[in-house]
1. In region 29-43, what residues are open to solvent by less than 20 Å² (accessible area, probe 1.4 Å) and under 19 Å from the mean Cα position of the chain (by Cα)?
2. Using beta carbons and a limit of 7 Å, which pairs, at least six apart or on different chains, have the first residue in region 298-325 and over 30 Å from F235 (Cα atoms) and at pLDDT 95 or above and the second one of a type in the set (S, T, Y) and open to solvent by 10 Å² or more (accessible area, probe 1.4 Å)?
3. Those residues that are over 14 Å from the mean Cα position of the chain (by Cα) and surrounded by 19 or more Cβ atoms within 10 Å (Cβ to Cβ), I need them from region 305-334; list them, please.
4. I'd like the full set of residues that are of a type outside the set (V, I, T), part of a helix (DSSP H, G or I) and within 19 Å of T312 (Cα to Cα), limited to region 253-289.
5. List the number of the failed condition for T265; all other conditions in (1) closer than 23 Å to N331 by Cα; (2) out of contact with any Leu (no Cβ under 7 Å at 6 or more places or on another chain) hold.
6. Do the conditions hold for P468, that is, is it closer than 24 Å to M28 by Cβ, buried (at least 21 other Cβ atoms within 10 Å of the Cβ), modelled with pLDDT of 85 or more and touching a Pro at 6+ places or on another chain (Cβ under 9 Å)?
7. Is it the case, given these coordinates, that P459 is under 28 Å from A24 (Cβ atoms), at pLDDT below 80 and part of a loop (DSSP other than H, G, I, E, B)?
8. What are the pairs, 6+ residues apart or on separate chains, where a residue within region 374-391 that is open to solvent by 50 Å² or more (accessible area, probe 1.4 Å) has its Cβ under 8 Å from a residue that is part of a helix (DSSP H, G or I) and among the acidic types (D, E)?
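The values are calculated or read from the model by the stated rules, or taken from the named source; none is laboratory data. Everything quoted here is computed from the prediction, not taken from an experiment. Cβ: placed from backbone, ideal geometry, glycine included. Neighbour counts: every protein chain shown. For the accessible areas, the whole protein counts, side chains as well, though only heavy atoms, and no ligand, DNA or RNA atoms are used. Shrake-Rupley method; radii C 1.70, N 1.55, O 1.52, S 1.80 Å.
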Amino acid sequence: MILDRCLGGMLLVLIGMFANVLGAFVGMNIGTDVSSMPSTSDVVAILKAHQITHVRLYDADSHMLKALADSGIEVIVGVTNEEVLGIGQSASTAAAWINKNVASYMPSTNITAIAVGSEVLTSVPHAAPILVTAMNNLHKALVASDLNFQVKVSSPQSMDIIPKPFPPSTATFNSSLNSTVFQLLQFLKNTNSYYMLNAYPYYGYTNGNGIFPIDYALFKPLPSVKQIVDPNTLFHYNSMFDAMVDATYYSMDALKFSGVPIVVTETGWPWQGGSNEPDATVENAQTFINNLIRQVSNNSGPPSQPTIPINTYIYELFNEDKRPGPVSEKNWGVLFTNGTAVFPLSLSGSSQITGNSTTVFCVAKDDASEDKLQDGLNWACGQGQANCRAIQSGQPCYLPNNIKNHASYAYNDYYQKMHSVGGTCDFDGTATTTTSDPSHGSCIFTGSSNSSTSGRVSPPEAFGPISPFGGSTKLPVSKIKFLIAAACLLVVLL
């Protein structure tokens, strides 16, 4: 057993080496409960315009799969929860599903994985006993079609199957699911697949009864007196996202499994909510998504697996306004259906979904006091003669309805009109210049080229359909971990 776990650790180190050579990626979930869903060809055009290289579908829609042909975009197709039972009960049904929904589109459509169900163990528990059988049936059908090296099979699970995720080092899967989870992990290891995790710090925070600060959920730095530390490992957790991923790694370890990498198939933050959902705001969503992209793009893993990047799919491309439930449930999309961004998205602090610009904009400083911002806003819209109509209620730039957003718009309008004749971007020290276009959605700042169909949300293209990892040239592998792995190999050989 020691040798098995040592080899598992070596495998994760090697996965980390190759993953870091190729680079981590940020992909996108595409839900379709949208009242004004663009045509499939328009969806693909939007994906290309934003250089999104990885997508996950919740089904195997034929129109979408045809539209994705020859795009180079890597695709996870989905077996719906309603299909799991039939596929688990019949190998011929599984073979027919593969022939219809995978084999018939390849290689033109770059299908790289099949997500079997969505959170089956918690959302459709009656199907849990047959889940792994369904996965096996699909894998055997892929083998018969000679596609098993190109297409991996897994099943997205929620954090709910880990009852106590903090501290991560003591996390375990729900004991009532141990038999099924053990079979699932054994299947993933045997087929060189990966664990699909749906991890939502938004829910971790809003359901956490104030245990953790919101900055922890948003990847924002914490003061030294509020650091989140695992008391057993002394690992410092700078984000709830990392802690959730590590809790899953430790839960696998508790079942004596290692060497199975994790890909986060869903995470995000809603940008609008009801009156009882105060944390679902544009500002929080923008902060979470931008910081997530920055974190994933630096090719680092969680504290327990620092060399294993966390490839991640954002939930989601468009708002699914037809979904039932609270207001927040309908407002997770990062793009409007016309392809413009709901809010500016940056990659590593420089690129934007809404495009880069050589124009200099004037915006409010993050640390400016609200009183001074209000004074500056009043002056800009009054004596400064800025056109402030766009930030009035019901107008394109009214949301997010906060003083910083409104001041930024007014400051910039004044600056664009007056800087050529001596106007400055200062406003009593509350303003600063930036080359990042602050336009978002239908709110277009004065001076913007409105280049909202360029930019990206993922790193350069991924190489190879076999691995869940994709494009860069870095190899930041710890020498210590490499020596440990080498030592393990020596022990095995002896």
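1. Result: N29, I30, G31, V43.
2. F318/T337; D321/S35; K322/S35
3. Going residue by residue through region 305-334, those that are over 14 Å from the mean Cα position of the chain (by Cα) are 305-308, 319-331.
Answer for region 305-334, where residues must be over 14 Å from the mean Cα position of the chain (by Cα) and surrounded by 19 or more Cβ atoms within 10 Å (Cβ to Cβ): Q305, T307, I308, N319, E320, S328, K330, N331.
4. First pass over region 253-289, keeping only residues of a type outside the set (V, I, T): 253-259, 261, 266, 268-280, 283-286, 288.
Now narrow it down to the ones that are part of a helix (DSSP H, G or I): 253-254, 283-286, 288.
Those that are of a type outside the set (V, I, T), part of a helix (DSSP H, G or I) and within 19 Å of T312 (Cα to Cα): N284, A285, Q286, F288.
5. Only one criterion is unmet by T265, namely (2).
6. Numbers: closer than 24 Å to M28 by Cβ: yes; buried (at least 21 other Cβ atoms within 10 Å of the Cβ): yes; modelled with pLDDT of 85 or more: no; touching a Pro at 6+ places or on another chain (Cβ under 9 Å): yes.
Answer is no for this residue.
7. Details: under 28 Å from A24 (Cβ atoms): yes; at pLDDT below 80: yes; part of a loop (DSSP other than H, G, I, E, B): yes.
In short, yes.
8. From region 374-391, the pairs are N387/D413.
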